[in-house]
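Derivation of every value follows stated rules applied to the coordinates shown; laboratory data play no part. All values derive from a computational prediction rather than experimental measurement. Cβ coordinates were reconstructed from backbone atoms using ideal geometry, including for glycine residues, and neighbour counts include every protein chain displayed.
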Amino acid sequence: MPATLFHNASIFTPLDAKAPLSGPRQGNVKNIPHGAMLVRDGVIAAVGDENEIFRLAADMRDAEVPETNNLGGGCVIPGFVDPHTHMCFARRRENEFRMRIAGADYLDILKAGGGILRSVKDVREASDEDLLRVTLENIQNACRSGTTSLEIKSGYGLNPADELSMLEIIAKAGALARIDVTATFMGAHAVPDEYKNKAEEYVDLVINEMLPAVAEQGIARYCDVFCEQGVFGREQCRRVLSSARDLGLGLKIHADEVHDLGGAKLAAEMRAVSAEHLLAADADGLLAMAAGGVLAVLLPATAYSLRKPYARGRDMINMNLPVALATDCNPGSCFCESMPFVFGLAVMNMGFTPEEALTASTLNAAYAVGDNARRGSLEPGKDADFLLLDGETPAAVAYHAGTNPVRRVYKRGRELVIDNPQPCMAAGGGHHAGGR
Ligand SMILES: [Zn+2]
């Protein structure tokens, strides 16, 4: 495959410093106004000023002379990485959304056998084909709005067979999708009905049966737990995470979403890669995370969907805590695949600068799923996963609200053809015309 020289672009990218970016560095985004990128075999070979990259290409031997691709002076950013989703599910829960906006509380819905347990029932009853189809549809929606790699958690099976089959579906979806998928095992997502009031016994099942099988099959990179009042307590989470760590899995925690159970501190203590949600985390917990190098993964679309106050993302950045953003896409508390929407909420409602939001949704997000060596910034050696935005700077993602600001999506240097027919335009009239 010949190399491709992408040129005539204003390139914006965070720069990888071999660790997630925190504090003032989180907002440090490099702009190359007349930029170009040389891509070989899907990997960035060089990136810089257009003149410099063209000179480099001119020195290449004939056989290597790259094709050129003119990006029309547009704004280019790394592809979005979504490090926290539950998008492997069987059915949507729109009815529950209607209950919720009419006043029902999230934990009330959970107690009434709705919420996560509804999705557990749906997943257990669904055929593999249906589960795969819905998962791929969700991935496609994410992709359309610029997500070029994402994480998906299990956690709607809640027994050994169904958890493993969810992880198999996630792997299958990852193999069929044109973007990268990281799997996380989340057997400790809820206590299933058959273990009602026997959470401790369910934790034993997770530790003794599910985790060893997951590790043996090598079908998850991370283990996640839901540390929350009425779900799993701190000590139960510690037990699951310790076992997962012993089996070589990376650790993640849904921490302090509704109540502060000390999940942030537990994440620091267990050296988890990330703690997620953190709406109720106290300052001590956040400082422990900062000291322990634990990423904060914030999910503002969930706060939006649940009409809750947002996590204190601005304070976290000021505390030198590296922050990433994710959709939390799931059929209950937040049905959203759009990283641009999350980016916009972070800027408008959490006080992020567009540059901080960019780092949070690309480089820091890549660290949150262990993908930082390949993705998250536009630098030599990384995959050429990038987006052409409809705008001049990354601020366009927040500025042009309610539309998809992503004009084109490139995965390893190849444009993903996303079915965006621009229905109000006559055939052949758009810039997508010409068989692209
Ligand atoms: Zn979640």
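General remarks:
- DSSP-loop trypsin sites (Lys or Arg not before Pro) across region 279-336, with at most 15 other Cβ within 10 angstrom: ARG307
- Options GLY115, ALA280, VAL65, ranked by Cα towards positive dipole end of the chain, top entry (Cβ charges): VAL65
- Unit charges at the beta carbon, dipole of region 80-368: most positive-side option, ALA368, ALA357, GLY263: ALA357
- Only the Cβ atoms of Lys and Arg (+1) and of Asp and Glu (-1) were treated as charged; on that basis the dipole of the chain about its Cα centre amounts to roughly 480 debye.
- Annotation: the residues TYR106, TYR410, TYR399, sorted from fewest to most other C-beta atoms within 10 Å of their own C-beta, follow the order TYR399, TYR106, TYR410.
- The Kirkwood radius of region 80-368, taken over pairs of alpha-carbon atoms, gives through the Stokes-Einstein law at 37 °C and 0.692 mPa s a diffusion coefficient of 178 µm² s⁻¹.
- Looking at region 318-353, none of the chymotrypsin sites (Phe, Trp or Tyr not before Pro) sits in a DSSP loop with at most 11 other Cβ atoms within 10 Å of its own Cβ.
- Within the chain, percent of DSSP bridges classed antiparallel, to nearest 5: 40 percent
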